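Engineer: I'd like to ask some things about the structure below.
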Number of protein chains: 2
Amino acid sequence: MERVAVIGASMTQFGNRDMWVRGLLAEAGHDCLERAGVAPDAIDHLYVSNMASGEFEGQTGVPNALANDLGTISAYTARVDQTSASGGAGVYAAWQAVASGAADHALLVGGEKMTHRSTTEATDVIASLTHPVEYKNGVTLPSFAGLTARKYLEKYDAPRESLGKVAVKNHRNGVDNPHAQFRKEVDLDTVLESPIVADPLRLYDFCPITDGSAALLLCPESVAAEHTDDYAVISGIGGATDTHVVHERTDPTTMRGVVESGQEAYEMAGVGPEDVDVAELHDMFTILEFLQSEDLGFFQKGEGWKAIQNRVTARDGAVPINTSGGLKSKGHPLGASGVAQVYEVYQQVLGEAGPRQVSADIGLACNVGGFGNCVTTAILEAGRWATRHRR
Amino acid sequence: MERVAVIGASMTQFGNRDMWVRGLLAEAGHDCLERAGVAPDAIDHLYVSNMASGEFEGQTGVPNALANDLGTISAYTARVDQTSASGGAGVYAAWQAVASGAADHALLVGGEKMTHRSTTEATDVIASLTHPVEYKNGVTLPSFAGLTARKYLEKYDAPRESLGKVAVKNHRNGVDNPHAQFRKEVDLDTVLESPIVADPLRLYDFCPITDGSAALLLCPESVAAEHTDDYAVISGIGGATDTHVVHERTDPTTMRGVVESGQEAYEMAGVGPEDVDVAELHDMFTILEFLQSEDLGFFQKGEGWKAIQNRVTARDGAVPINTSGGLKSKGHPLGASGVAQVYEVYQQVLGEAGPRQVSADIGLACNVGGFGNCVTTAILEAGRWATRHRR
């Protein structure tokens, strides 16, 4: 089967944005088409990844509205939702559209508008993905993160400061990302002394509430070469789930969805964790970066925390993680996050990441919904003729 | 490319159901797997088509919860939404999952739980798909239907009673559908004298508010033959859109999305409208049955109304339409409707439609979102070895 290429990508400024999700999506979509040099009427399928525009702003039917704004009518359009991993599910949907032959040019635009709602309102919308009984008893996603962090630290004899260093590293990376919500460094003391949210996790262990959008343009590799030399290929992709009720899992410090979606992606790409040069992981909470870095096989189980202590996951380390700043400093507009992760990896493998650039032939993006409930993992590499290979 | 088969299908009782959407989906999903004789752990991808569980019942993350209920974890799952055409978009997503090779067995379950909300609340959720300015000015979907019906009747010199006869026919068909919400005949006078909703359309020109679910199990045709002789093939499928703002269209009596999605489906299947033996059309409003029957090429533009006058679309006519009872009498649980349409066509082409059975080699299902905003059309035929071919 022919491989699926990414011939254009973009993201908007993440942060507090004074426009509805429709406007954010249009901004990223227009920008992506313009960068790729592809006319709107070449688009066959338009996918929108978005969790909750209906709940956040009372507007549904957003894909159709966006089709109007982008000028892609009469191309097919649909919305894909997988809660906080909606972006990754959108990548998988657009990949399938191209791989199945249904579309020659599939545009994916992910986005969410959240900051006009109070933190309580926004987290209430997100919490609606949990089991009603868990929710009623106050076991929301931050609580799960706190419980899991405590378990992890105890089980693997990891110091609390190791979690804090994830926040410090990702904030440092975010300084060099012009689209990040927070472009400021934080020191370890600030993180460790910030207000407790779910013990042992504190305010700086959590990603913010964010508005933003990101876009990708996909096509078969043979078509990509007609547009540009500088395209990336999604050489592997996979998705998997874990139980809806978190307490039904044997070990909360392992995420089965991450393990299995990673295995699928590695198998399709014909590579292993040792081949991955750069990764965007879903650091909605600092503890999640450790779990994913282990469950994807970068480190042995229980040793993810040692990697941050030894600066292995720093930008100049052996396995740079979240060079974009991650959800932690870049922000987490639910439907956009998984798309923006792939955007960062796309830039890294093409050598277009500017001050954030690391040496990367193969990159990986892992998008996690709920508390590991549903996961999509994608592996990217530069296309055959990419400029970087000719340098 | 190998064709995609349907090896199992089911639907729940449509109507007022005393359970949340999760329960409805589980009922249809279990039933579909049992009929197909396929174990839950054979499922690679689980798709849920649903417009608004978040808005209707405050529950999101439903695909993950359903995966738990059906026992399909750790298979991938996602939700697909295309407003009132979510079901058709789900069929297209599951088709792409199989056609792309991502899944060997893709289970699609569509559903919606609506009747616990008042009619005003439910229509407000649906109306959120329209343009905010249209909505503020009272131009909701029923208003569009009324304006379009008036235009159609004037332009093509059609009698008002022709619209009423659509309701009469579909209610007649629904009597023989054990899963239909309304299993009762209505006479023409009752329709024509029912309360005005959007002149010239009256109460009986509209579909009801409904709870329900429907499911389909898809796999490659080569795999289908391992499970059963009695499978159907989705020989053609296509999707298309029209403007978000309805008044931007040149002629409201033609639906571009229907025309183009139909053309795509015909082309893939290698058939034309003259080959279609039975069709499920999206009769959310009676006028829509005329428009689709013309835009799909069954009749010349402006002559759909003559077909009902001449009983051509009746069950014993040349082109039976909505043998299931249609949305009109079967009900319209948004995310389920497009799936249930394909279920009816599946039964018809396999000769399993019981008292509703017509002579059908090739069937078509057309699912319409908004007022023609986004449309999916699928064409089905019996698999090579189906029992009906051997009778």
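The values are calculated or read from the model by the stated rules, or taken from the named source; none is laboratory data. For clarity, every value in this text was computed on a predicted model and none was experimentally measured. Cβ coordinates were reconstructed from backbone atoms using ideal geometry, including for glycine residues, and neighbour counts include every protein chain displayed.
Engineer: Any idea which of (1) assigned to a loop (DSSP other than H, G, I, E, B); (2) within 14 Å of another protein chain (Cβ to nearest Cβ) is the one B:PRO208 doesn't satisfy?
Structural biologist: So B:PRO208 meets the others, but not (2).
Engineer: Out of A:VAL197, A:VAL259, A:VAL233, report the one residue that is away from every other protein chain (no Cβ under 14 Å) and more than 30 Å from A:ALA26 (Cβ to Cβ). Don't jump to the end; show me each part of the working.
Structural biologist: Values: A:VAL259 fails: away from every other protein chain (no Cβ under 14 Å); A:VAL233 fails: more than 30 Å from A:ALA26 (Cβ to Cβ).
On inspection, the qualifying residue turns out to be A:VAL197.
Engineer: Could you please let me know if A:LEU147 is in a helix (DSSP H, G or I) and out of contact with any Phe, Trp or Tyr (no Cβ under 9 Å at 6 or more places or on another chain)?
Structural biologist: Yes, satisfied.
Engineer: So which residues in segment A:209-238 are of a type in the set (S, T, N, Q) and more than 28 Å from A:GLY15 (Cα to Cα), if there are any at all?
Structural biologist: Listed by number, the residues that qualify are A:SER222, A:THR228, A:SER235.
Engineer: I've got another one for you. Does segment A:249-269 include one or more residues that are outside the structural domain of A:ALA97 (by TED's automatic domain parsing), of a type in the set (Phe, Trp, Tyr) and under 30 Å from A:TRP20 (Cβ atoms)?
Structural biologist: no
Engineer: Sticking with this one: Report yes if some residue within segment B:138-153 is more than 23 Å from A:GLU55 (Cα to Cα) and charged (D, E, K, R); otherwise report no.
Structural biologist: yes
Engineer: So is B:THR286 surrounded by fewer than 21 Cβ atoms within 10 Å (Cβ to Cβ) and out of contact with any Pro (no Cβ under 9 Å at 6 or more places or on another chain) or not? It would help to see each step written out before you state the result.
Structural biologist: Values: surrounded by fewer than 21 Cβ atoms within 10 Å (Cβ to Cβ): no; out of contact with any Pro (no Cβ under 9 Å at 6 or more places or on another chain): yes.
When the stated conditions are applied, B:THR286 does not pass them.
Engineer: Here's something else I'd like to know. Is it fair to say B:THR250 is within 14 Å of another protein chain (Cβ to nearest Cβ), free of Cβ contacts under 8 Å to residues at least 12 places away in the same chain and within 20 Å of B:PHE371 (Cβ to Cβ)? Walk me through it before giving the result.
Structural biologist: Details: within 14 Å of another protein chain (Cβ to nearest Cβ): yes; free of Cβ contacts under 8 Å to residues at least 12 places away in the same chain: yes; within 20 Å of B:PHE371 (Cβ to Cβ): yes.
So B:THR250 fits the description; yes.
Engineer: Then there is this: Pairs needed: first member in segment B:86-104, more than 20 Å from B:HIS282 (Cα to Cα) and facing another protein chain (nearest Cβ under 8 Å); second member anywhere, in a helix (DSSP H, G or I) and modelled with pLDDT of 95 or more; C-beta distance under 6 Å; at least 6 residues apart or different chains.
Structural biologist: B:GLN96/A:GLN96; B:GLN96/A:ALA97; B:ALA97/A:GLN96; B:SER100/A:GLN96; B:SER100/A:ALA99; B:ALA102/A:GLN96
Engineer: Looking at segment B:45-72 only, could you name the residues that are in a loop (DSSP other than H, G, I, E, B) and either among the β-branched types (Val, Ile, Thr) or within 9 Å of B:ARG22 (Cβ to Cβ) (or both)?
Structural biologist: Step one: list which residues in segment B:45-72 are in a loop (DSSP other than H, G, I, E, B), which gives B:50-52, B:58-61, B:71-72.
Matches in segment B:45-72: B:GLN59, B:THR60, B:THR72.
Engineer: Being at pLDDT below 95, outside the structural domain of A:MET284 (by TED's automatic domain parsing), under 26 Å from A:ASP205 (Cα atoms) and under 24 Å from the mean Cα position of the chain (by Cα) narrows it down to one of A:ASP124, A:ASP81, so name that one.
Structural biologist: Of A:ASP124, A:ASP81, the one residue that is at pLDDT below 95, outside the structural domain of A:MET284 (by TED's automatic domain parsing), under 26 Å from A:ASP205 (Cα atoms) and under 24 Å from the mean Cα position of the chain (by Cα) is A:ASP124.
Engineer: Specify the residue that is farthest from A:ALA85 (Cα to Cα); the eligible residues are those in segment A:57-69 that are more than 8 Å from chain B (Cβ to nearest Cβ) and in contact with a strand residue (DSSP E or B) (Cβ under 7 Å, 6 or more places away or on another chain).
Structural biologist: Filtering segment A:57-69 for residues that are more than 8 Å from chain B (Cβ to nearest Cβ) and in contact with a strand residue (DSSP E or B) (Cβ under 7 Å, 6 or more places away or on another chain), the one farthest from A:ALA85 (Cα to Cα) comes out as A:LEU66.
Engineer: Also, quick follow-up: Is there a residue being part of a loop (DSSP other than H, G, I, E, B), in the same structural domain as B:ASP44 (by TED's automatic domain parsing) and surrounded by fewer than 19 Cβ atoms within 10 Å (Cβ to Cβ) anywhere in segment B:131-141? First the steps, then the outcome.
Structural biologist: Keep residues of segment B:131-141 that are part of a loop (DSSP other than H, G, I, E, B), which gives B:131, B:137-140.
Going one step further and asking which of them are in the same structural domain as B:ASP44 (by TED's automatic domain parsing), we end up with none.
Checking segment B:131-141: not a single residue is part of a loop (DSSP other than H, G, I, E, B), in the same structural domain as B:ASP44 (by TED's automatic domain parsing) and surrounded by fewer than 19 Cβ atoms within 10 Å (Cβ to Cβ).
Engineer: Taking into account only those residues within segment B:244-263 that are part of a loop (DSSP other than H, G, I, E, B) and in contact with an Asp or Glu (Cβ under 7 Å, 6 or more places away or on another chain), which is surrounded by the most Cβ atoms within 10 Å (Cβ to Cβ)?
Structural biologist: Filtering segment B:244-263 for residues that are part of a loop (DSSP other than H, G, I, E, B) and in contact with an Asp or Glu (Cβ under 7 Å, 6 or more places away or on another chain), the one surrounded by the most Cβ atoms within 10 Å (Cβ to Cβ) comes out as B:MET255.
Engineer: Moving on to the next point. If you check A:THR119 against the conditions, is it surrounded by fewer than 24 Cβ atoms within 10 Å (Cβ to Cβ), in contact with a strand residue (DSSP E or B) (Cβ under 7 Å, 6 or more places away or on another chain), more than 8 Å from chain B (Cβ to nearest Cβ) and farther than 17 Å from A:CYS32 by Cβ?
Structural biologist: Taking the combined requirement at face value, the residue does not satisfy it.
Engineer: Quick check on segment B:72-84. Is at least one of its residues more than 9 Å from every other protein chain (Cβ to nearest Cβ), surrounded by 24 or more Cβ atoms within 10 Å (Cβ to Cβ) and touching a strand residue (DSSP E or B) at 6+ places or on another chain (Cβ under 8 Å)?
Structural biologist: Yes: segment B:72-84 contains one or more residues that are more than 9 Å from every other protein chain (Cβ to nearest Cβ), surrounded by 24 or more Cβ atoms within 10 Å (Cβ to Cβ) and touching a strand residue (DSSP E or B) at 6+ places or on another chain (Cβ under 8 Å).
Engineer: Just checking, which of B:GLY363, B:GLY383, B:GLY370 is touching a residue at least 12 places away in the same chain (Cβ under 8 Å), within 14 Å of another protein chain (Cβ to nearest Cβ) and either crowded, with 24+ Cβ neighbours inside 10 Å or farther than 30 Å from B:LYS151 by Cβ (or both)?
Structural biologist: After ruling out the rest, the residue left standing is B:GLY370.
Engineer: Would you confirm whether or not segment A:216-225 contains a residue that is at pLDDT 95 or above and touching a Phe, Trp or Tyr at 6+ places or on another chain (Cβ under 6 Å)?
Structural biologist: yes
Engineer: While we're here: Filter segment B:168-202 down to the residues that are of a type in the set (D, E, K, R) and over 21 Å from B:GLN348 (Cα atoms) and list them by number.
Structural biologist: B:LYS184, B:GLU185, B:ASP187, B:ASP189, B:GLU193, B:ASP199, B:ARG202
Engineer: Next question. What are the residues in segment B:265-296 that are under 16 Å from B:GLY338 (Cβ atoms) and either part of a helix (DSSP H, G or I) or modelled with pLDDT under 95 (or both), if any?
Structural biologist: B:ALA265, B:LEU288, B:GLU289, B:GLN292
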